[in-house]
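Let me begin by presenting the structure, written as structure tokens, before commenting on it.
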Amino acid sequence: MKPFEQEQAMLNIEIPDRLREKIAAIATLAEQTPEQLALEMLEERIDHQSAYLETAYLKSSARNRERLDQAIGEIRRGRFEERALIDD
């Protein structure tokens with residue numbers, strides 16, 4: 001294997017016919033293949049789950065919970081500073 005070359009693992013999932021039909025219909029509307037749509041939906045779900053886990057961790061201690069609640073309150077009141085995102 002070449003440096004930095006990643007091997008892609010195959011994951012086989014049994015998808016019920018009813019769900020497969022729904023995915024195909026939505027994929028057609030989005031001008032995607034059913035596989036593209038399914039991967040996109042799965043990735044989005046994983047990203048959301050990661051955000052929920054991070055929030056749960058931040059709220060796991062009283063001090064962190066208080067600081068997070070204060071920050072959310074400041075944002076709701078419009079007191080925040082916008083910054084550009086750094087691409088990792």
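Any read-out appearing in this document is the output of simple, stated calculations on the displayed coordinates, not a laboratory observation. Here the structure is a predicted model, which means the values were calculated and not measured. For neighbour counting, all protein chains shown are included, and Cβ atoms are generated from backbone atoms with ideal geometry for every residue, glycine included.
Quick look at the values:
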| read-out | value |
| --- | --- |
| Unit charges at the beta carbon, dipole of the chain: most positive-side option, LEU29, GLN8, ILE46 | ILE46 |
| Efficiency of FRET between GLN32 and LEU11 - r from beta-carbon atoms, R0 22 angstrom, step 0.05 | 0.70 |
| DSSP-assigned coil residues among trypsin sites (Lys or Arg not before Pro) in the chain, each with at most 12 further Cβ atoms within 10 Å | ARG77, ARG79, ARG83 |
| GNM flexibility winner over the chain from GLU14, GLU40, GLU74 (Cα, springs under 10 Å) | GLU14 |
| 0 to 90° range, to nearest 10: angle between helix 17-29 axis and the chain longest Cα axis | 80 |
| Where only C-alpha atoms are counted, convex hull volume of the chain per residue in Å³ | 236 |
